[in-house]
Amino acid sequence: MSADILDGKQIAASVIDVVKLDTARLIEEAGVTPGLAVVIVGEDPASHAYVAAKGRMATECGFVSVQHTLSKAATQDELAALVAKLNDDDAIHGILVQLPLPGHLQPDLIIQSIKPEKDVDGLHVMNAGKVATGDLHGALVSCTPAGAMVLVRRIHGDDLSGLTAVVVGRSNLFGKPMSALLLAANATVTMAHSRTSNLPAVCQGADILVVAVGRAEMVKADWVKRGATVIDVGINRVDASEKGTGKTCLVGDVAFAQVAAVAGAITPVPGGVGPMTIAMLMRNTLHAARRKCGADIAKI
Ligand code: GUN
């Protein structure tokens with residue numbers, strides 16, 4: 001048996017198609033164009049590549065897309081002033097401050113200063129709290145867990161009653177909101193982490209196994225129940241000198257080839273959860289714009 005491959009690129013493209021249609025309708029019916037502002041501080045090339053991709057996708061969706069680039073020497077006050085200005089800008093419905101910030105800045109103060117209704121990253125405590133209490137309709141849900149849930153639903157539908165889910169990793173950015181989303185969909189959820197004893201046995205019990213630990217190919221075939229759905233959130237750059245001197249490649253937290261022989265469905269890395277994150281950012285920005293003008297929002 002070999003697993004179904006969950007093609008994140010294709011599924012993200014189908015989400016983006018819906019966002020484009022709904023954006024065109026919002027512009028036509030309400031005269032409102034969704035606006036996304038992305039703020040980046042410093043010159044980190046990987047962060048600039050991510051931010052550029054977000055901007056391109058926003059433009060492709062028909063949004064107003066604005067990028068603010070601050071020098072790596074920018075002060076906390078300068079960044080806070082920019083966020084305050086964007087909070088007050090009626091043309092901007094979504095604000096994303098790219099992380100990580102340079103070490104002298106305090107990211108939490110900045111993130112918590114974004115108006116919750118413009119927090120399209122879903123990182124404000126107001127949105128995290130709504131997710132934790134199951135108020136998914138009222139929240140902007142953090143993009144990576146929201147994207148991972150879309151993939152889970154492709155396999156299992158909306159109701160996960162009777163299914164066991166194990167989330168490995170307990171970060172505020174992913175593990176905690178992911179567990180809350182699975183629980184809200186009626187799964188029986190276990191959160192595992194670096195202090196969990198006998199992690200392979202815990203994972204073995206999962207119908208749905210979600211891994212976000214940042215350790216290359218940690219999850220092996222004998223950790224996985226036959227037929228399970230495996231969602232790999234890790235992106236690890238590893239040495240690939242067999243492809244040539246100095247070459248590297250990206251792998252997930254799951255040993256893909258061996259686990260694919262056991263699982264029922266699995267996400268590849270790259271091309272699984274990654275493309276879903278940016279699609280969810282677009283969907284959140286559209287939701288924020290629709291909410292601002294009172295339009296009904298689609299189910300998250
Ligand atoms: N850096 C890497 N991924 C993300 C993300 O999803 N949001 C923000 N704000 N920064 C990031």
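Taking a probe of 1.4 Å, how large is the accessible area per residue of the chain, in Å²?
Details: 13710 Å² over 300 residues.
So the chain comes to 46 Å² accessible per residue, rounded to a whole number.
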Inset, instruction - Answer rounded, prolate or oblate for segment 1-51, using the Cα gyration tensor with square roots of eigenvalues a ≥ b ≥ c: rounded when a/c is under 1.5, else prolate when a/b is larger than b/c, else oblate. - result: oblate
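So what is the relative contact order of the chain, in percent, for Cα pairs below 8 Å that sit 6 or more residues apart?
On the way: 608 pairs, mean separation 66.4, N = 300.
Relative contact order for the chain comes out at 22 percent.
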Inset, instruction - From largest accessible area down, sort 79, 173; use a 1.4 Å probe on the protein chains. - result: 173, 79
Inset, instruction - Return, for the Cα atoms of segment 73-230, the radius of gyration and Dmax in Å, separated by a comma. - result: 17.9, 53
Inset, instruction - Compare 192, 146, 165 in a GNM of the chain, Cα atoms joined below 10 Å, and give the one with the largest fluctuation. - result: 192
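Given contacts defined as C-alpha pairs under 8 Å and at least six residues apart, what's the relative contact order of segment 77-174, whole-number percent? Don't skip to the answer; put the middle values down first.
Numbers: 78 pairs, mean separation 19.3, N = 98.
It rounds to 20 percent for segment 77-174.
On the accessible surface of the chain, probed at 1.4 Å, how many percent belong to carbon and sulfur atoms? List each step's numbers first, then the result.
Values: 7510 of 13710 Å².
Looking at the chain in its full context, I get 55 percent from C and S.
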Inset, instruction - Quick one: of 54/130; 220/243; 72/115; 9/130; 54/118, which pairs are farther than 27 Å apart, Cα to Cα? - result: 9/130
Inset, instruction - Take the alpha-carbon centre of segment 74-135, take the same for segment 224-272, and report the distance between them in whole Å. - result: 32
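Is the shape of segment 154-300 rounded, prolate or oblate, going by the alpha carbon gyration tensor and its root eigenvalues a ≥ b ≥ c, with a/c under 1.5 for rounded and a/b larger than b/c for prolate? Walk me through the intermediate numbers first.
Numbers: a/c = 2.08, a/b = 1.31, b/c = 1.59.
Since a/c reaches 1.5 but b/c is at least a/b, the shape of segment 154-300 is classed as oblate.
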Inset, instruction - Calculate the radius of gyration of the Cα atoms of the chain to one decimal place, then report Dmax, the largest Cα-Cα distance, as a whole number, both in Å. - result: 19.4, 57
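The values are calculated or read from the model by the stated rules, or taken from the named source; none is laboratory data. What you see is a predicted model; the values in this text were computed from it and never measured. Accessible surface is based on the protein model in full, side chains and every heavy atom, while ligands, DNA and RNA are left aside. Shrake-Rupley method; radii C 1.70, N 1.55, O 1.52, S 1.80 Å.
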